[in-house]
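Notes for the one structure printed next.
The values are calculated or read from the model by the stated rules, or taken from the named source; none is laboratory data. Because the structure is a prediction, the values reported are computed rather than measured. Every residue, glycine as well, gets a Cβ built from its backbone with ideal geometry; the counts of neighbours run over all protein chains shown.
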Amino acid sequence: MLLKDLKGKKIGICVSGGLDSKTVTKRLMEEGLDVVCFSADLGQPDEKDINDIVKKMEPCGAPTYIVDVKDDMAEICFETIKASATYDGGYWNTTGIARAVTVRGIIREMQKHGVDVLCHGATGRGNDQMRFERYTRALAPEMGVYAPWRDPELLEQFPGRTEMADYLAQFDIPAVIGMKKKYSTDANLAGLSHEAEDLEELETSCLIVEPTMGVWPADAPDKIEDVTLTFQHGYCTSINGEKLSPLQAMEKANEIAGRNGIWMKNALENRIIGTKSRGVYEAPGMELLHAGLENILQATLDRNSFKLYKQMGELISNLVYDGRYYDKTVQAARAAIDTLTESAEGEVKLGLYKGNVFFQSMTDIYASLYNEEDSSMEASDGLNPASSQGYADIISVETAALAKAGQFDDC
């Protein structure tokens, strides 16, 4: 859609309270359009008070509504951890999963206000434009989508931040450009994605990023912190003996892992549109909770089940990154994950030290396949070593045939 296509329609704008949000909102209102603004509360750790967004948007003249989706965000964090659904470079897909939650939550609120067109501020070079587009088409096919930063008219009028600030100044709307940032940040309960600006240069160290959710490992305490995680059916239900909701668990895990410098990661990811982008990511709580679950799954899953688990996790990750969380394929893969993690229960004690997470102990793993006597290299009442000879003979039949046929002659 273009600006000229919006006449006579009610527009719902996704806003953050920043320069872009103010510019687009005021520009559409000056066009005589019926505008309402919406922002999702995703538990952003870089927002002291989410309601500050309402105050920032007030001078533009359009009403702004905050949509609380923190619990939904916590649930999708747990689902992502449960599936080990990381993307390129081990990236926890924090922005990808947040868009699935954001669009669903905001669309529901927009429908209550009779919105005809969802307007988002994603650029024409990134992933989010595709995610907003696809999720809107999936969840509200009757709703149109307007992307101002793909509209030639607005791109010509506002080629940069200076032009936006000058435009807002005409209406006495505060617009602070500030100094040139070293990078941009997208934040939610799951973590932060730092990218663009100086980080686009591969010669630039990731250490220019100032962590929001914790510290770099070098600045973490010089002592080991122990943490005990309890899991039921693949979900963390308590931390250090305290029963917690998913939201509380994520907040607590972020706090504990963050102060120990867990999971500051640099990655080059393959964008939906075919380009590569560089990001520096924070996701301390996701990494900590997954470390606990992974230890339990190593005990409870056989080799073939673990292989299938990894395949399903990769499938989910790729599709979520592409904006397909609600597709049937993802739902089917999640059902498989539910089956595979049904017996993932027990308690795991981990040690955290300067960016590292290491195993301390596991207890109450009722479905564990690990048998000390079978695995022992010492004499035990477990597997009889002599019985392995028959199995060795059987699996060697094919190898002997290959050798006889000369298929190893060039080795």
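Quick notes on this structure:
- Taking region 347-372 as the range and being of a type in the set (Ser, Thr, Tyr) and part of a strand (DSSP E or B) as the test, the residues that pass are Tyr353, Ser361, Thr363.
- Test: residue in region 116-123 that is among the charged types (D, E, K, R) and either surrounded by fewer than 24 Cβ atoms within 10 Å (Cβ to Cβ) or over 17 Å from the mean Cα position of the chain (by Cα) (or both): yes
- Considering Thr275, Thr329, Thr363, the condition of being in contact (Cβ under 8 Å) with a residue 24 or more places away in the chain and either among the polar types (S, T, N, Q) or in the same structural domain as Pro246 (by TED's automatic domain parsing) (or both) is satisfied by Thr275 alone.
- Check on Ile11, in a helix (DSSP H, G or I), among the hydrophobic types (A, V, I, L, M, F, W, C) and crowded, with 19+ Cβ neighbours inside 10 Å: no
- Here Leu154 fits the description: in contact with a helix residue (DSSP H, G or I) (Cβ under 8 Å, 6 or more places away or on another chain), over 20 Å from Asp327 (Cβ atoms) and aliphatic (A, V, I, L, M).
One line per residue, one yes/no per condition, for (1) part of a strand (DSSP E or B); (2) aliphatic (A, V, I, L, M); (3) under 17 Å from Pro45 (Cα atoms); (4) assigned by TED's automatic domain parsing to the domain that holds Ala291:
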site	(1), (2), (3), (4)
Leu207	no, yes, no, yes
Thr212	no, no, yes, yes
Ser238	yes, no, no, yes
Ile256	no, yes, yes, yes
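- Of the helices (runs of 4 or more DSSP H) lying entirely inside region 96-191, those containing at least 2 residues that are of a type in the set (Ser, Thr, Tyr) and at pLDDT 95 or above are 128-139.
- Taking first residues from region 62-77 that are closer than 11 Å to Leu189 by Cα and partners that are assigned to a strand (DSSP E or B), the Cβ contacts under 7 Å between residues at least 6 apart in sequence or on separate chains come to Val69/Ala40; Val69/Asp41; Lys70/Asp41; Met73/Asn188.
- Residue list for region 8-22, restricted to those being out of contact with any Gly (no Cβ under 8 Å at 6 or more places or on another chain) and over 14 Å from Ala62 (Cβ atoms): Gly8, Gly18, Leu19
- Single condition Gly234 does not satisfy, out of (1) surrounded by fewer than 21 Cβ atoms within 10 Å (Cβ to Cβ); (2) touching a helix residue (DSSP H, G or I) at 6+ places or on another chain (Cβ under 9 Å); (3) at positive phi: (1)
- In region 349-395, of all residues being small (Gly, Ala, Ser) and modelled with pLDDT of 95 or more, the one that is nearest to Met213 (Cα to Cα) corresponds to Gly355.
- Residues located in region 4-19, provided they are out of contact with any Phe, Trp or Tyr (no Cβ under 8 Å at 6 or more places or on another chain) and not hydroxyl-bearing (Ser, Thr, Tyr): Lys4, Lys7, Gly8, Lys9, Lys10, Gly17, Gly18, Leu19
- Single residue of region 32-54 satisfying the filter (modelled with pLDDT of 95 or more and more than 20 Å from Gly105 (Cβ to Cβ)) that is surrounded by the most Cβ atoms within 10 Å (Cβ to Cβ): Leu33
- Scanning region 130-138 for any residue that is more than 22 Å from Asp20 (Cα to Cα), touching a residue at least 12 places away in the same chain (Cβ under 8 Å) and touching a Phe, Trp or Tyr at 6+ places or on another chain (Cβ under 6 Å) turns up at least one such residue.
- Count of region 262-272 residues, restricted to those that are in a loop (DSSP other than H, G, I, E, B), over 18 Å from Thr228 (Cβ atoms) and in contact with a helix residue (DSSP H, G or I) (Cβ under 7 Å, 6 or more places away or on another chain), is 2.
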